[in-house]
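Chemist: The structure under discussion is supplied below as structure tokens; questions concerning it will follow.
The values are calculated or read from the model by the stated rules, or taken from the named source; none is laboratory data. None of the values given here were measured: they were computed from a predicted structure. Every residue, glycine among them, receives a Cβ derived from its backbone with ideal geometry; neighbour counts consider all protein chains shown.
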Amino acid sequence: MNDLENRLSRTLTGAAGRAPHAPGTLARAVEARYRRRRQRGRALLAAAAVVVLAGGTSHALLGEDVRAVPATSATTAATSDEARLMALPEPIERAWPGAVRKIPARMPDGRAFQPLAFLDERTLLVTTQQRSEVADAVHAYDLESGDLRKIANVPTSEGAALFSSGFTVGAGQVVWWTNLEDGRTQIWSVPLAGGEARVVDTIERSGPDTQGVDGLAVTGDRVVFSVNAGGVFAVPLGGGTAKPVEGGAGLHLLSWPWAGTVDMRGPQEPQFGTIRNLETGETRTALVRPGEKEVTCGLTVCIGWAADGTAFHRSRDGSREKASPCGPSIPPGRFCATVVGSDRRPLGVALYDTTTGKAADLGIRPAEGSTATTGTATTKGTIGTGPRVIWTPRIEGDQPLLSYLVGDTRYVVDLRKIG
């Protein structure tokens, strides 16, 4: 780690320690956002958070993939120790060159697209969109050549209440789900080689809280999924009737075969604090220390607030604990995106590696003269003294793909290639 990285790491850690403790309503707000977000599908890997910086406090509002303001040259020369300590780290393409690719923000015909997952090291699964958040087709995008191979159209079901979400890949298939207005949920599938999408199963609504899928995966010849009300189910990939998975009652998928609970039942019961392997029956319980609050866990990492009000991240077993510069993330993983600079003078956004403490500049800059609404932001030009808005990519768990826009360039980062 070079001197600048050391200073940045110390600064971020100190900022985390000085941050005001999260209000008691944060857990409920995060939980509500978590449920809504999972309804839209866990494979929306490049969604973003709006961070409104005003009045000495940072507030996170979840939103979808957005276009960040292009990075400009360095701001005014730093003249104080504080300014130097709050400097941006080196750009991500220099920090981890083997992990970063830059591609056009749109297809040659002008269509927007959304990267979802790596099919292999050079190929992305993407959806094109007829309008914001509404996928009309799935494609394979070659990062080397820029070629786009259409896999299939994404049908819009008659009576759809929520559009196609949760795209994921397995066993040579792409699967996703759609909600209908009558409360039923359809699971769809199409071969990666191409073809016509078909309905794998239609899940009937059995209660007021059962609408929608909040986790989806393919394992062997089955599609496994969990529903918002809790419970893990499986249906043959070739079609059939969904049946409960043994041991999955009341649980939510985290990362197959692991599932757990997402309800906050007090300080000693974090989200996904106890998880169960639905193939082997093994359970893992995260360590929670006295006085800690709002602890949330991923497969291997937990985050939360320590008894002294500082944010932390650590392994499930309590080891490798460090102060964290990152905000709430559900579920957390090795990497997170964090704002660099002060609340009144945000400089940009860095990708922070919780394992090594190294950070890299993503090239995202504050949007001047913007105001934030719930989950979105509306640009109104330079309108005076409103809060400054900065977009931070959301990284869910240990997903390998980070994708975000800066101007007319889309950055594609393979997190598996960061040593």
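Chemist: Are any residues in region 144-154 at pLDDT below 95 and crowded, with 17+ Cβ neighbours inside 10 Å, and if so, which ones?
Modeler: Matches in region 144-154: 148, 154.
Chemist: Can you work out which of the residues in region 121-143 that are buried (at least 17 other Cβ atoms within 10 Å of the Cβ) and of a type in the set (Gly, Ala, Ser) is nearest to the chain's Cα centre (by Cα)?
Modeler: Within region 121-143, the match that is nearest to the chain's Cα centre (by Cα) is 135.
Chemist: Return yes when residue 324 is within 30 Å of residue 342 (Cβ to Cβ), at pLDDT below 95 and polar (S, T, N, Q) and no when it is not.
Modeler: For residue 324, the condition - within 30 Å of residue 342 (Cβ to Cβ), at pLDDT below 95 and polar (S, T, N, Q) - is met.
Chemist: Only one of 113, 118 is in contact with a Pro (Cβ under 7 Å, 6 or more places away or on another chain), hydrophobic (A, V, I, L, M, F, W, C) and either buried (at least 22 other Cβ atoms within 10 Å of the Cβ) or more than 18 Å from residue 223 (Cα to Cα) (or both); which?
Modeler: Going through 113, 118 in turn, just one is in contact with a Pro (Cβ under 7 Å, 6 or more places away or on another chain), hydrophobic (A, V, I, L, M, F, W, C) and either buried (at least 22 other Cβ atoms within 10 Å of the Cβ) or more than 18 Å from residue 223 (Cα to Cα) (or both): 118.
Chemist: With the requirement that a residue be aliphatic (A, V, I, L, M) and surrounded by 18 or more Cβ atoms within 10 Å (Cβ to Cβ), what does region 284-305 give you?
Modeler: 286, 288, 295, 301, 303
Chemist: Is region 262-273 home to any residue that is modelled with pLDDT under 95 and touching a Lys or Arg at 6+ places or on another chain (Cβ under 7 Å)?
Modeler: The answer is yes, given that some residue of region 262-273 is modelled with pLDDT under 95 and touching a Lys or Arg at 6+ places or on another chain (Cβ under 7 Å).
Chemist: When the residues of region 171-205 are narrowed to those that are at positive phi and modelled with pLDDT of 90 or more, which ends up farthest from the chain's Cα centre (by Cα)?
Modeler: Result: 195.
Chemist: Taking strands (runs of 3 or more DSSP E) that fall entirely within region 210-311, which contain at least 3 residues that are over 23 Å from residue 116 (Cβ atoms)?
Modeler: Here the list reads 274-277, 283-285, 293-297, 301-305.
Chemist: Continuing with the same structure: Just to check your reading of the model, which residue among 384, 407 is at pLDDT 90 or above, surrounded by fewer than 18 Cβ atoms within 10 Å (Cβ to Cβ), of a type outside the set (Asp, Glu) and out of contact with any Ser or Thr (no Cβ under 8 Å at 6 or more places or on another chain)?
Modeler: Within the list 384, 407, the selection yields 407.
Chemist: Give me the residue from region 66-120 that is within 22 Å of the chain's Cα centre (by Cα), of a type in the set (Val, Ile, Thr) and at pLDDT below 95 and, out of that set, nearest to residue 147 (Cα to Cα).
Modeler: Once the filter is applied, the top-ranked residue is 66.
Chemist: Would you confirm, using the coordinates I've provided, whether residue 320 is within 22 Å of residue 419 (Cα to Cα), in contact with a Lys or Arg (Cβ under 6 Å, 6 or more places away or on another chain) and not in a loop (DSSP other than H, G, I, E, B)?
Modeler: No; evaluated as a whole, the condition is false for this residue.
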